[in-house]
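Asks: Here you go, one structure.
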Amino acid sequence: MSHTTGRYFEALRQVVGQFPVFGEVIHAQPYGTGHINETYAVTVEQGRAKIRYILQRINENVFRDIPAVQENIGRVTEHIREKLLATRASDISGRVLRFLPAADGRNYTQDQDGGYWRLCPLIERSRTFDILESAQQAELVAKAFGHFQLQLADLDASLLHETIPNFHDGPSRMAAFRVALELDAHNRAAECAEEIAFLLEHAWVFDVFPKALAEGRVPLRITHNDTKVNNVMFDDESGQAICVIDLDTVMPGLALYDFGDMVRTGTNTAAEDERDLRRVSMDIALFEALARGYWATACGFLNRAERDHLVFAGKMLTLIIGTRFLTDHLNGDTYFRIHRPGHNLDRCRTQFRLVESITRQEEAMAAIVESL
Ligand code: ADP
Ligand code: GN1
Ligand code: MG
């Protein structure tokens, strides 16, 4: 689908016009497969050059304080850019996102209806993968997110806002699930009896990390918190991972959450919303590549307890995202964008199937971590 005429295109054009983009918007089209924000690729003709940007409308239902989100993003990207400049890195514009300032100097703008928008140059000749194609890519993704954490290790965490409170906190997610189940506002609980039973059996998984944190065994760090493998850009030519994107949830968190979400999205042999559950499994070769890649960049700062919980992190993150999909299904799909009826339930099912696959392979996974 592309848009070059009509009211819709005109609205996007007006938003782009609020940024220092000097030229004619000649094309705009929806872009990417994210579940939260609206993303568009827009082409602007500037003189004889055609320049592409990523324009995003930030989801106000999910992010209650968008100025705080954008302040975090500004701080984090500036910090990384300074590091890259200090090391005289090449291709800095391809290695860290840069959101353009609007007329008032802030790195976002608002449309006539109050909607929040941001604009950044599109990193050309690069792409993301929803499903990884090789163990080498898995290693590169994990290195990239580990490196990202390392780049932010010396940034004062108290400067960052908590953009979504209790984001990966299992007990809070479990409480929200119980409310949704109790209400059952759309009479959907009966059709998910199996998933509900699975979750209730596994609720104990959610108590492990809050306890480790409370006891001081694992520290809060600045983490990405949405380390889906499709949040890393790969260079088309070299095949190298060049840039970590999707920075809305960068805030204090556990390193284990980041590794766990890499396992959830990087080792699954099937898509997140695959309906044929026989295709869903945790690919141990991909896990090994992720563990090696993450260790290569994070071994300098991870403590013993973090290392010992790398396998468990994969299980916990997969369970918690599955729980969020199930809760949203019960709530009538108000959080994650869906493209068909039952989409969130399908997503929940793949996650719970993946939890089972991880459980079956826990010993082999632990042996890999032990060998690092
Ligand atoms: P969401 O929060 O919806 O996942 P993302 O910020 O991850 O949004 O963007 C969605 C997709 O748009 C990404 O997976 C990526 O393919 C593409 N994308 C985002 N930013 C850029 C960029 N600066 N350059 C190129 N592609 C981008
Ligand atoms: C959302 O925006 P996207 O698609 O990268 C969600 C993540 C979930 C993910 C599940 C802010 O990420 O937490 O893990 O969907 N982001 C937010 O695919 O809730
Ligand atoms: Mg994304």
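Asks: With the structure loaded, tell me whether ALA212 is out of contact with any Leu (no Cβ under 8 Å at 6 or more places or on another chain) and either in a helix (DSSP H, G or I) or in the same structural domain as ILE58 (by TED's automatic domain parsing) (or both) or whether it fails that test.
Replies: Values: out of contact with any Leu (no Cβ under 8 Å at 6 or more places or on another chain): yes; either in a helix (DSSP H, G or I) or in the same structural domain as ILE58 (by TED's automatic domain parsing) (or both): yes.
So ALA212 passes the test.
Asks: Which residue is farthest from ligand 1 (Cβ to nearest atom), if the candidates are limited to the range 123-153 and must be assigned to a loop (DSSP other than H, G, I, E, B) and surrounded by 15 or more Cβ atoms within 10 Å (Cβ to Cβ)? It would help to see each step written out before you state the result.
Replies: Initially, the range 123-153 is screened for residues assigned to a loop (DSSP other than H, G, I, E, B), giving 123-125, 128-134, 152-153.
Okay, now just the ones that are also surrounded by 15 or more Cβ atoms within 10 Å (Cβ to Cβ), so 123, 128-129, 131-132, 152.
On the way: ILE123: 4, THR128: 4, PHE129: 9, ILE131: 13, LEU132: 14, LEU152: 18 Å.
Among those residues, the one meeting the criterion is LEU152.
Asks: Go through the range 58-113 residue by residue and tally those that are polar (S, T, N, Q) and surrounded by fewer than 17 Cβ atoms within 10 Å (Cβ to Cβ).
Replies: Residues of the range 58-113 polar (S, T, N, Q): 59, 61, 70, 72, 77, 87, 90, 93, 107, 109-110, 112.
Subsequent filtering for residues that are surrounded by fewer than 17 Cβ atoms within 10 Å (Cβ to Cβ) retains 61, 87, 90, 93, 110, 112.
So the count comes out to 6.
Asks: Let me ask something else about it. Residues ALA11, ALA41: which one is in contact (Cβ under 8 Å) with a residue 60 or more places away in the chain, open to solvent by less than 70 Å² (accessible area, probe 1.4 Å) and more than 11 Å from ligand 1 (Cβ to nearest atom)? First the steps, then the outcome.
Replies: Working: ALA41 fails: more than 11 Å from ligand 1 (Cβ to nearest atom).
None of the other options fit; the residue is ALA11.
Asks: Quick one: is THR297 open to solvent by less than 40 Å² (accessible area, probe 1.4 Å) and within 16 Å of ligand 1 (Cβ to nearest atom)?
Replies: When the stated conditions are applied, THR297 does not pass them.
Asks: Now, a different point. Please go through the range 22-37 and pick out each residue that is assigned to a loop (DSSP other than H, G, I, E, B) and under 28 Å from the mean Cα position of the chain (by Cα). Steps first, please.
Replies: So in the range 22-37, the residues assigned to a loop (DSSP other than H, G, I, E, B) come out as 22-23, 31-37.
TYR31, GLY32, THR33, GLY34, HIS35, ILE36, ASN37 - these are the residues of the range 22-37 that are assigned to a loop (DSSP other than H, G, I, E, B) and under 28 Å from the mean Cα position of the chain (by Cα).
Asks: Same structure, new question: Please find, within the range 205-235, the residue that is farthest from ligand 3 (Cβ to nearest atom) out of those that are among the small types (Gly, Ala, Ser) and open to solvent by 10 Å² or more (accessible area, probe 1.4 Å).
Replies: Selected residue: GLY216.
Asks: Looking at the range 241-262, is at least one residue more than 11 Å from ligand 2 (Cβ to nearest atom), in a helix (DSSP H, G or I), more than 13 Å from the chain's Cα centre (by Cα) and aliphatic (A, V, I, L, M)?
Replies: Taking every residue of the range 241-262 in turn, at least one turns out to be more than 11 Å from ligand 2 (Cβ to nearest atom), in a helix (DSSP H, G or I), more than 13 Å from the chain's Cα centre (by Cα) and aliphatic (A, V, I, L, M).
Asks: Tally the residues that are modelled with pLDDT of 95 or more and polar (S, T, N, Q), restricting the search to the range 88-132.
Replies: Going through the range 88-132 one residue at a time, the tally reaches 5.
Asks: Hey, among LEU85, LEU55, which residue is over 13 Å from LEU247 (Cβ atoms), within 20 Å of the chain's Cα centre (by Cα) and among the hydrophobic types (A, V, I, L, M, F, W, C)? Full working, then the answer.
Replies: On the way: LEU85 fails: within 20 Å of the chain's Cα centre (by Cα).
Being over 13 Å from LEU247 (Cβ atoms), within 20 Å of the chain's Cα centre (by Cα) and among the hydrophobic types (A, V, I, L, M, F, W, C) holds for just one of LEU85, LEU55, which is LEU55.
Asks: Restricting the search to the range 220-235, which residues are away from ligand 2 (no atom under 12 Å from the Cβ) and either touching a Pro at 6+ places or on another chain (Cβ under 9 Å) or not in a strand (DSSP E or B) (or both)?
Replies: Answer for the range 220-235, where residues must be away from ligand 2 (no atom under 12 Å from the Cβ) and either touching a Pro at 6+ places or on another chain (Cβ under 9 Å) or not in a strand (DSSP E or B) (or both): LEU220, ARG221, ILE222, THR223.
Asks: Looking at the range 154-194 only, could you name the residues that are open to solvent by 80 Å² or more (accessible area, probe 1.4 Å), closer than 22 Å to ALA212 by Cα and touching a residue at least 12 places away in the same chain (Cβ under 8 Å)?
Replies: GLU162
The values are calculated or read from the model by the stated rules, or taken from the named source; none is laboratory data. Treat the numbers as computed from the prediction; the structure is a model and nothing was measured. Heads up, the Cβs are rebuilt from the backbone with ideal geometry, glycines too, and the neighbour counts pull from every protein chain shown. We work out accessible area using only protein heavy atoms, side chains counted, and drop any ligands, DNA or RNA first. Shrake-Rupley method; radii C 1.70, N 1.55, O 1.52, S 1.80 Å.
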